[in-house]
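Below is one structure, written out as structure tokens, with a few remarks after it.
The values are calculated or read from the model by the stated rules, or taken from the named source; none is laboratory data. Model, not experiment: these values are computed from the prediction. Positions of Cβ are backbone-derived with ideal geometry, glycine not excepted, and every protein chain shown enters the neighbour counts. The area values use the complete protein model at the heavy-atom level, side chains included, leaving out ligands, DNA and RNA. Shrake-Rupley method; radii C 1.70, N 1.55, O 1.52, S 1.80 Å.
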Amino acid sequence: MNTPANSRSMTDEMLDELLRLLAVWRVELVLLALPTGLGLWLYVRLGLVFAIAAPVALVTTVLCVGPLRRFLGRLLHRSRVRRHLEAAFRALPGVLNEKRPRIVKITRTTFGDRVELVLWRGTSIDDLVKAEAVLAASLGVRQVRCVANAAKRNLVTLTITRHDPFNEAALRFPLLDASHVTLWDPIPVGVNEDGELVTVSLPERNVLLGGEPGAGKSVALSLLVAAAALDPEVDLWLFDGKVVELSAWSACARVFVGHDVQRAITVLEELTAEMDDRYDELLRRGVRKVTRAEGLRLHVVVIDELALYVAGIDKKFAQRFAELLRGLVARGRAAGIIVLAATQKPSTDIVPSTLRDLFGFRWALRCATRDASDTVLGAGWASEGFSASDIAGAHRGVGLLLHEGDTPVRLKGFHLDDDDLRTLVRRARQLRGLPAGPVGS
Ligand SMILES: Nc1ncnc2c1ncn2[C@@H]1O[C@H](COP(=O)(O)OP(=O)(O)OP(=O)(O)O)[C@@H](O)[C@H]1O
Ligand SMILES: [Mg+2]
């Protein structure tokens, strides 16, 4: 038999549940109450005809006026996401069940939703990251990812992905339509999870790309090379351990080096001498660095298969190359030298950390492990929720780019096939005033 205490607590529970239901359905209830209330009021005042006609007219107006309909759609969508997410939090095991994150903002994106959360004391981003798979299953979506604000760790952005943003087989490179490019402007390299354009600003920066074989490093590198080639004010210095990846660009490069490491060293020595001359020139002009206004040429040094040059069989050559390249990356910034290098795994046994750590921008394509991803992006990013090992094998060209922002950007890079390369090389030669000869050798 129920004691009075028991029955009181049951009543309390029922009341709590009712209040909770009213709270979670508040938007829908208010929207329903407006025409219903209007109908009732008109019924009392003016009779049945008005009581039916006015709410029908109100609902029809809202449905027929585009901006109003879209506003209502957004409101209902946000309310549904909030309800489902709150239910998913309630079903979580452990501390997050008792101290459920507070939802402060929901924004619909091209491929799902972005939700801003505030964590309660006693919980952390680690608890949420561990619950990502459970949350995705509860919501019945493709993926849920949580990233904490770098400055305020109690603020979290939760990204709900319903449609695969990176399902497109290949994305067209916007610069295929550009008649002229200046490398001082940001270069489009891909789209992020929301379908927004991702760009990279190269002056004063060096980029290191890494990822497992076939992940899309050479394709990503070729986007940056294409942009540099389309700017006639840029000198291209190409080093290609595989020879075939960058060879198409040799037609508009100042230097092209294949797998001859000794020649690569000679070319880097030449470039180092050029860098020293450039500093003398800057001294004469009384400026401390190359700027767009100075009108001095930028030098873009591109190295695909960096491992061949810095971890080859001949240790002396490898050391010398690494030493020269370190000098260029360390001192080249103000002289207008930009180094772009790609390798499968830049671990210290392959790329000396004294060289690797100088690269400011990192672009991790799919990696086999979280450790490998951290080797490219920098230690600690995998535990923050940014690991290129999470990228599906079928997602060629998808990666994480750590550049201007505080956190890496997940993106799918544009693609360039052989025809695109031929088109771009032809245009680059025209822009450089070179005769249009056979391309691709
Ligand atoms: N952004 C992209 N969009 C679509 N497909 C891509 C993209 N990037 C790469 N691919 C596909 O993946 C293949 C391998 O790419 P890529 O040669 O760039 O890999 P990689 O990382 O340089 O490999 P390796 O380490 O063997 O040199 C390409 O031939 C292309 O078919
Ligand atoms: Mg490659």
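Counting other Cβ atoms within 10 Å, keep those with at most 12, restrict to DSSP loop, and tell me which trypsin sites (Lys or Arg not before Pro) in region 261-332 are left.
Details: sites: ARG263, ARG278, ARG284, ARG285, ARG288, LYS289, ARG292, ARG297, LYS315, LYS316, ARG320, ARG326, ARG331; in loops: ARG288, LYS289, ARG297.
Answer by residue number: ARG288.
Tell me, what is the percent relative contact order of region 384-425, built from C-alpha pairs under 8 Å that lie six or more residues apart?
Details: 29 pairs, mean separation 11.8, N = 42.
With pairs under 8 Å counted, the relative contact order is 28 percent.
Taking only C-alpha pairs under 8 Å that are 6+ residues apart, what is the relative contact order of the chain in percent?
On the way: 762 pairs, mean separation 65.7, N = 441.
Value for the chain: 15 percent.
Rounding to the nearest 10 and keeping the result within 0 to 90°, find how far the Cα-based axis of helix 48-64 lies from the longest principal axis of the chain.
Once rounded, the angle reads 10 degrees.
What number comes out for the charge environment of GLY241, summing +1 per Lys or Arg and -1 per Asp or Glu over other residues with Cβ under 15 Å away? Don't jump to the answer; show the numbers that get you there.
Values: positive: LYS217, LYS242, ARG263, LYS345; negative: ASP240, GLU245, ASP260, ASP304, GLU305, ASP314.
Here the charged neighbours net out to -2.
For region 346-396, which trypsin sites (Lys or Arg not before Pro) are both in a DSSP coil and crowded by at most 14 other Cβ atoms within 10 Å?
Values: sites: ARG356, ARG362, ARG366, ARG370, ARG396; in loops: ARG366, ARG396.
Filter output for region 346-396: empty list.
To the nearest 10 square angstrom, how much accessible area does ARG100 have with a 1.4 angstrom probe?
Solvent-accessible area, nearest 10 Å²: 90 Å².
Which percent of the accessible area of region 276-359 is formed by carbon and sulfur heavy atoms (probe 1.4 angstrom)?
Working: 2040 of 4060 Å².
The nonpolar share, carbon plus sulfur, comes to 50 percent.
If you take the square roots of the eigenvalues of the alpha-carbon gyration tensor of region 238-282 and sort them as a ≥ b ≥ c, do you get rounded (a/c under 1.5), prolate (a/b over b/c) or oblate?
Values: a/c = 4.17, a/b = 1.86, b/c = 2.25.
Because a/c hits 1.5 or more and a/b fails to exceed b/c, region 238-282 counts as oblate.
To the nearest 10 degrees, how steeply does helix 315-331 sit against the main Cα axis of the chain, on a 0 to 90 scale?
The angle comes out at about 60 degrees.
Based only on Cα atoms, what mean projected area does the convex hull of region 348-441 have, in nm²?
Numbers: hull surface 34.9 nm².
Over every viewing direction, the Cα hull of region 348-441 projects on average to 8.7 nm².
Given an 8 Å cut-off on Cα distances and at least 6 residues of separation, report the relative contact order of region 327-409 as a percent. Mind dumping the intermediate values first?
Numbers: 93 pairs, mean separation 20.9, N = 83.
The normalised contact order for region 327-409 reaches 25 percent.
With a 1.4 Å probe and all protein chains kept in place, how do VAL49, VAL376 rank by accessible area, largest first? Numbers along the way, then the final one.
On the way: VAL49 115, VAL376 0 Å².
The ordering from most to least exposed comes out as VAL49, VAL376.
For region 174-431, what does the accessible surface come to per residue with a 1.4 Å probe? Please give it in Å².
Values: 10220 Å² over 258 residues.
Computed with neighbouring chains in place, this is 40 Å² per residue.
How big is D, in µm² s⁻¹, for the chain by Stokes-Einstein at 10 °C and 1.306 mPa s if Rh is the Kirkwood radius over C-alpha pairs?
Numbers: Rh = 25.5 Å.
The Stokes-Einstein estimate is 62 µm²/s.
Given the protein chains as shown and a 1.4 Å probe, how many square angstrom of GLU98 are accessible, to the nearest 10?
Per-residue accessible area (GLU98): approximately 150 Å².
Using a ≥ b ≥ c from the Cα gyration tensor of region 1-112 (square roots of the eigenvalues), is it rounded, prolate or oblate, where a/c under 1.5 gives rounded and otherwise the larger of a/b and b/c decides, a/b for prolate?
On the way: a/c = 5.00, a/b = 1.36, b/c = 3.67.
In terms of gyration-tensor shape, oblate.
For region 290-311 and region 129-186, what is the centre-to-centre distance using only Cα atoms, to the nearest Å?
Going from one Cα centre to the other spans 29 Å.
First select every other residue whose beta carbon is under 14 angstrom from the beta carbon of GLY73; then total the charges, Lys and Arg +1, Asp and Glu -1. Numbers along the way, then the final one.
Details: positive: ARG69, ARG70, ARG74, ARG78, ARG80, ARG108; negative: GLU28, ASP113.
Neighbour charge sum, excluding GLY73 itself: +4.
Counting only the heavy atoms of the protein chains, how much of ASP260 is accessible to a 1.4 Å probe, in Å² to the nearest 10?
80
Past the 30 Å Cα-Cα mark, which pairs from LYS130/LYS152; LYS289/LYS315; LYS99/LYS152; LYS345/LYS412; LYS316/LYS345?
Details: LYS130/LYS152 20 Å; LYS289/LYS315 35 Å; LYS99/LYS152 18 Å; LYS345/LYS412 20 Å; LYS316/LYS345 21 Å.
Cα-Cα > 30 Å for LYS289/LYS315; rest within.
Ignoring ligands, DNA and RNA, how do LEU197, LEU209 rank by accessible area with a 1.4 Å probe, largest first?
Numbers: LEU197 105, LEU209 0 Å².
Most to least solvent-accessible, the answer reads LEU197, LEU209.
Charges on Cβ only, +1 for Lys and Arg, -1 for Asp and Glu, centred on the Cα centroid of the chain; of LEU355, ALA178, THR407, which one is farthest towards the dipole's positive end?
Looking along the dipole axis, the top candidate is THR407.
Using alpha carbon centroids, what distance separates region 203-270 and region 393-435, in Å?
Spelled out, the Cα-based centre of one part sits 12 Å from the other.
Give the shape of region 174-431 as rounded, prolate or oblate, defined through the alpha-carbon gyration tensor: a ≥ b ≥ c are the square roots of its eigenvalues, a/c under 1.5 means rounded, and otherwise the shape is prolate if a/b is larger than b/c and oblate if not. Working shown, then result.
On the way: a/c = 1.41, a/b = 1.17, b/c = 1.20.
Rounded is the answer for region 174-431, as its axis ratio a/c remains below 1.5.
Just to make sure I understand: if all protein chains stay in place, what is the order of SER124, SER383, SER373 by accessible area at 1.4 Å, largest first? Write down the numbers at each step before the final one.
Working: SER124 45, SER383 75, SER373 0 Å².
Accessible-area ranking of SER124, SER383, SER373, largest first: SER383, SER124, SER373.
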